[in-house]
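*Asks:* Here's a structure for you.
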Amino acid sequence: MEHHRTSGEEAKEAEETSLRALARLRPGAPVDLAAIPSDATPGFAGAKAAGRAETAAMGAELAALQERLYAAATGGDRRRLLLVLQGMDTSGKGGTVKHVAGQVNPSGCRIQAFKAPTEEERAQHFLWRVTRALPKAGEIGVFDRSHYEDVLVVRVHGLVPEPVWTRRYDEINAWERALADDGVTFVKVFLHIGHEEQRERLLARLDKPHKHWKFDAGDIEERRRWPEYQRAYAAALERCSTDAAPWYVVPADRKWYRNWAVSRLLLEHLRALDPPYPTGDFDVAAIRARLRAEKAEAKVAKAKPQAQL
């Protein structure tokens with residue numbers, strides 16, 4: 001007997017084969033970054049040209065969904081989306097931000113790049129500065145680096161005692177859980193670049209004078225700490241991938257795939273949110289009748305002869 005799949009079965013299959021499912025790190029699962037190829041293209045079987053074309057094609061739907069999210073907020077919907085980008089130097093955080101911002105309306109997008117904390121920020125709790133930069137209802141927020149720097153750089157460089165940065169994992173999870181309960185959808189993306197690919201990108205910056213402004217001699221020193229950073233990232237991903245705010249690993253050696261994957265993750269999350277346009281609180285038929293009557297009255301007035309002065 002032929003089995004006809006139900007809409008529920010089809011939806012379940014679509015979710016299981018989505019990039020959200022393929023790239024997501026399961027809560028509590030051990031993370032071995034060395035076992036994840038940084039040049040892979042999970043979820044996409046085509047070549048670069050096809051990937052770029054599909055990424056461009058996603059733009060219209062992303063923009064439409066963003067508009068719906070923004071509009072829903074005017075009706076009291078508190079939902080918003082936060083894209084968190086983390087990765088080693090040259091992994092493409094800035095390039096991804098530029099690409100994402102180019103697909104949506106900037107007026108509904110809040111972008112924050114986190115540098116080394118200022119003196120004022122160091123005097124506060126480590127989550128203080130990121131809390132101030134959160135997207136408002138209806139907005140898409142993008143963090144280029146984030147609160148995770150306080151369990152990454154801080155850990156690798158020993159900027160605070162181990163007991164301090166160790167308890168931050170639980171603080172982060174509690175903070176993200178509270179925000180998720182308040183309507184924040186987290187899309188936390190680790191841009192996974194390979195050691196050799198990073199070297200090639202650093203060399204490319206040196207080869208092009210117009211890229212020298214992006215080069216920092218400190219990047220070489222940080223590169224020497226690669227194994228330490230990999231351990232720190234693995235710990236952060238393992239400890240802080242939760243049901244409320246999961247981590248997604250995106251191989252970043254291929255820039256075109258990186259852009260496709262982040263766009264796809266955003267699209268899948270916005271589709272799941274399915275924000276509605278708020279309904280109007282006025283009588284559409286009555287307003288339409290008034291506008292049509294106004295046009296008719298104007299036409300009659302124009303046809304009347306002008307009074308002689």
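*Asks:* Take the residues in the stretch 36-88 that are outside any helix (DSSP H, G or I) and of a type in the set (Val, Ile, Thr), then tell me which one is surrounded by the most Cβ atoms within 10 Å (Cβ to Cβ). Let's see the steps before the verdict.
*Replies:* From the stretch 36-88, those outside any helix (DSSP H, G or I) are 36-47, 75-88; that's our starting set.
Narrowing the set further to residues that are of a type in the set (Val, Ile, Thr) leaves 36, 41, 84.
Values: ILE36: 14, THR41: 19, VAL84: 22.
Ranking the qualifying residues of the stretch 36-88, first place goes to VAL84.
*Asks:* Of the residues ARG167, ARG199, which single one is open to solvent by 60 Å² or more (accessible area, probe 1.4 Å) and either at positive phi or touching a residue at least 12 places away in the same chain (Cβ under 8 Å) (or both)?
*Replies:* Going through ARG167, ARG199 in turn, the sole match is ARG199.
*Asks:* Among the residues of the stretch 263-296, how many are touching a residue at least 40 places away in the same chain (Cβ under 8 Å) and basic (Lys, Arg)?
*Replies:* 2
*Asks:* Next question. May I ask you to list the residues in the stretch 226-248 that are among the aliphatic types (A, V, I, L, M) and open to solvent by 10 Å² or more (accessible area, probe 1.4 Å)?
*Replies:* Taking the stretch 226-248 as the starting set, the residues that turn out to be among the aliphatic types (A, V, I, L, M) are 232, 234-237, 244-245.
Across the stretch 226-248, the qualifying residues are ALA234, ALA235, ALA244.
*Asks:* What pairs come up if the first residue lies in the stretch 131-154 and is modelled with pLDDT of 95 or more and open to solvent by 10 Å² or more (accessible area, probe 1.4 Å), the second is assigned to a loop (DSSP other than H, G, I, E, B) and among the basic types (Lys, Arg), and their beta carbons are under 8 Å apart, counting only those six or more places apart or on different chains?
*Replies:* Going by the 8 Å Cβ cut-off, the qualifying pairs are ALA137/ARG78; ALA137/ARG79; ARG145/LYS115.
*Asks:* If TRP260 meets every condition in (1) part of a helix (DSSP H, G or I); (2) without any contact (Cβ under 8 Å) to a residue 40 or more places away in the chain apart from one, which number is that one?
*Replies:* That leaves (2) as the condition not met.
*Asks:* Condition first: farther than 20 Å from VAL84 by Cβ, modelled with pLDDT of 95 or more and of a type in the set (A, V, I, L, M, F, W, C). Now tell me which residues in the stretch 232-285 satisfy that.
*Replies:* TRP256
*Asks:* Also, I was wondering about something else. Select, from THR96, THR55, THR90, the only residue that is β-branched (Val, Ile, Thr), in contact with a helix residue (DSSP H, G or I) (Cβ under 8 Å, 6 or more places away or on another chain), touching a residue at least 60 places away in the same chain (Cβ under 8 Å) and on the phi > 0 side of the Ramachandran plot.
*Replies:* Details: THR96 fails: on the phi > 0 side of the Ramachandran plot; THR55 fails: on the phi > 0 side of the Ramachandran plot.
Just a single option satisfies the conditions, and that option is THR90.
*Asks:* Does the stretch 240-269 hold any residues that are touching an Asp or Glu at 6+ places or on another chain (Cβ under 8 Å) and not small (Gly, Ala, Ser), and which are they?
*Replies:* CYS240, THR242, PRO251, ASP253, ARG254, TRP260, LEU267
The values are calculated or read from the model by the stated rules, or taken from the named source; none is laboratory data. Predicted, not measured: the structure shown is a model, and the values here were computed from it. Positions of Cβ are generated from backbone atoms using ideal geometry, with glycine treated the same way; all protein chains shown enter the neighbour counts. Ligands, DNA and RNA are excluded from the accessible area calculation, which covers all protein heavy atoms including side chains. Shrake-Rupley method; radii C 1.70, N 1.55, O 1.52, S 1.80 Å.
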